[in-house]
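Enquirer: Dropping a structure here in structure tokens format, bear with me for questions.
The values are calculated or read from the model by the stated rules, or taken from the named source; none is laboratory data. These numbers come from a predicted model, not from an experiment. Here the Cβ is made from the backbone with ideal geometry for all residues, glycine too, and neighbour counts use every protein chain on show. The area values use the complete protein model at the heavy-atom level, side chains included, leaving out ligands, DNA and RNA. Shrake-Rupley method; radii C 1.70, N 1.55, O 1.52, S 1.80 Å.
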Amino acid sequence: MGAAGAPDDGGMVIIGAGQAGLQVAESLRAEGYGGPVTLIGDEPHAPYHRPPLSKAMLCGDADEAQLTIRGPEALERKGIALVTGVAVASVDRAARCVRLVDGRTLGYRGLAFATGSRARPLPVPGAELEGVLALRSLDDARRIAAALEAAGRVVVIGGGFIGLEVAAAARKHGRAVTVLEAADRLLARVAAPPVSEFFATLHAAHGVTLELDAAVTAVEGAGGRVSGVRTADGRMHPADLVVVGVGIIPNTELAQACGLECDRGIVVDACARTSDPLVVAAGDCTARRVGDGLLRLESVQNAVEQGKSAAAALLGKERPFTAAPWFWSDQYDVKLQMVGLSAGHDRVAVRGSVAGQRFSVFYFRGGDLVAIDSVNRAPDHMLGRKLLDKAVAVTPEQAADEGFALATLVR
Ligand code: FAD
């Protein structure tokens, strides 16, 4: 790395050492690129898995060493230089260099943004009180795990995946748990009503108090520490620990500052390319153009697949990511797996037994299968990926009929 004002040719530079950044780096090598690759992350850790942070780690079922995706030695063996604990402060696209907060500069011939996202802050008074925590990073998870040891009453703000996974973990620790959700159903932004209802029943059966239509107006405390959460109906929900899971904000400021188009994410095409031919972007920080619209995905699959596309694009190759999006969530002994986008569906078909906690909901729009949510039915999910990727015609009647082998449709 050069001294300030004297950039050298850093080869390929990747900003953000998370799932997507790591994928870009490793895919550059897999594609045969032999020049320098530098992966720069502001966290003090080598790339690690985030999904277990709200699952096994909070439940006490994972040790931290298992979270690392690729350690520094493994990266070194691949000739990938990992810089941790240092943020990129600015990008100069005209001069083709990045500047780090410690003043170092690094020239690039290709640049990838993989800056991820951060937890959306709770916009109410008291959100800064001690005992009010959000979950995005390993350090956040450590703080929440420690707080769970001591907390008697936990209030989770937000009934999305992270909030519900935290609620399940807190119940596993025997804590009294209340989930406050502003919408009229759980998972409103990401799942369809049948799945929302299933999870409401599941959490209630595990002793969670669920409050829907519960808009939070303030977090209250005494002596700088949280004591409870106030909702718009005037009620107070007592708490020793409040976990906020109200969504994320993509980290686009750096890209915006250097003039790249951003619109709820760094705008990229299906090949992870920005409008600058030397610059790509991948993962949570992106918004992908699809037709006239923009698609924002926040998932491991998206980070990995866009990371592969981005590496290919840096080498002048086209590798579009067009597969159906998929995601998963673990709560108690339930594994939910989702594939496709159910928004705008006009018909559903249920396969299996909701009461038996083994079922899949098939979503149709205008007669076409558009998504499948599977609860404890991994084979339906795997088959669903094929059905959607190959745009196989399925009828709601076939989907609902357990006697009909859907696998015959993809042979
Ligand atoms: P990140 O993993 O966020 O990595 C981006 C990195 O860039 C961060 O380390 C960030 O600090 C760093 N950075 C930002 N700005 C700079 C800068 N200027 N300079 C240097 N570094 C910078 N997905 C699923 O598919 N299934 C799940 O079950 C699931 N569970 C999840 C549970 C939790 C608790 C969380 C937080 C996420 C979960 N996700 C899940 C989402 C998934 O983890 C993310 O979509 C994925 O990590 C995105 O990868 P990324 O590389 O784009 O971003």
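Enquirer: Given the rule -39500 (n - 2.57) for each run of at least 4 DSSP H residues, summed and divided by the residues of the chain, what is its mean residue ellipticity at 222 nm, to the nearest 500 deg cm²/dmol?
Expert: -7000 deg cm²/dmol
Enquirer: Hey, another quick one. If I take every Cα pair under 8 Å that is 6 or more residues apart in region 132-246, average their sequence separation and divide by the length, what percent do I get for the relative contact order?
Expert: 34 percent
Enquirer: Radius of gyration and Dmax for region 333-409's Cα atoms, expressed in Å?
Expert: In Å, with Rg to one decimal and Dmax whole: 11.2, 34.
Enquirer: State, to one decimal in nm², a quarter of the convex hull surface area for the C-alpha atoms of region 146-260, i.e. the direction-averaged projected area.
Expert: Its Cα hull, projected and averaged over all orientations, spans 9.3 nm².
Enquirer: Over the Cα atoms of the chain, what radius of gyration and what Dmax do you get, in Å?
Expert: Rg, Dmax (Cα atoms, Å): 22.4, 69.
Enquirer: Related question: Within the set of other residues whose C-beta is less than 15 Å from the C-beta of residue 178, count the net charge using Lys and Arg as +1 and Asp and Glu as -1.
Expert: Taking every Cβ under 15 Å from that of residue 178, the sum is -1.
Enquirer: Students often forget the sequence filter, so: which lysines lie under 20 Å Cα-Cα from residue 335 once same-chain residues fewer than 8 apart are removed?
Expert: 55, 172, 386
Enquirer: Taking amide H atoms as placed 1.01 Å from N in the peptide plane, list the residues 5 or more away in sequence, or in a different chain, whose amide H sits under 5 Å from that of residue 89.
Expert: Sorted by chain and number, the residues that satisfy this are 99, 100, 101.
Enquirer: Kindly report the accessible area of region 333-409 per residue (heavy atoms of protein chains, probe 1.4 Å, no ligands, DNA or RNA), in Å².
Expert: The answer is 46 Å² per residue.
Enquirer: Related question: What is the distance in Å between the Cα centres of region 312-335 and region 363-411?
Expert: Using only Cα atoms to place each centre, the spacing works out to 19 Å.
Enquirer: Choose one of 212, 146, 41: the residue whose Cα lies farthest towards the positive end of the charge dipole of the chain (beta-carbon charges +1 Lys, Arg; -1 Asp, Glu; about the Cα centre).
Expert: Checked the options; the winner is 41.
Enquirer: Carbon-plus-sulfur fraction of the accessible area of region 132-246, 1.4 Å probe, in percent?
Expert: Of the solvent-accessible surface of region 132-246, carbon and sulfur hold 52 percent.
Enquirer: Right, here's the next one. Amide H neighbours of residue 297 under 5 Å, counting only residues 5+ apart in sequence or on other chains, H built in-plane at 1.01 Å?
Expert: 288
Enquirer: Still on this structure, I have one more. Could you name the aspartates and glutamates in cross-link range of residue 78, using Cα to Cα under 18 Å and dropping any fewer than eight places away on the same chain?
Expert: 26, 31
Enquirer: Give me the one-decimal nm value for the distance between modelled label points at residue 365 and residue 346, 7 Å along each residue's Cα-to-Cβ direction.
Expert: Each label point lies 7 Å from its Cα, and together they span 1.2 nm.
Enquirer: Less than 9 Å Cβ to Cβ from residue 342, Lys/Arg counted +1 and Asp/Glu -1: what total charge do the surrounding residues give?
Expert: 0
Enquirer: Please list, by residue number, every one of the trypsin sites (Lys or Arg not before Pro) in region 285-321 that is coil in DSSP and has at most 14 other beta-carbon atoms within 10 Å.
Expert: 317
Enquirer: Now, a different point. Could you work out how far the C-alpha centroid of region 193-214 sits from that of region 247-280, in angstrom?
Expert: Computed from Cα coordinates, the inter-centre distance equals 36 Å.
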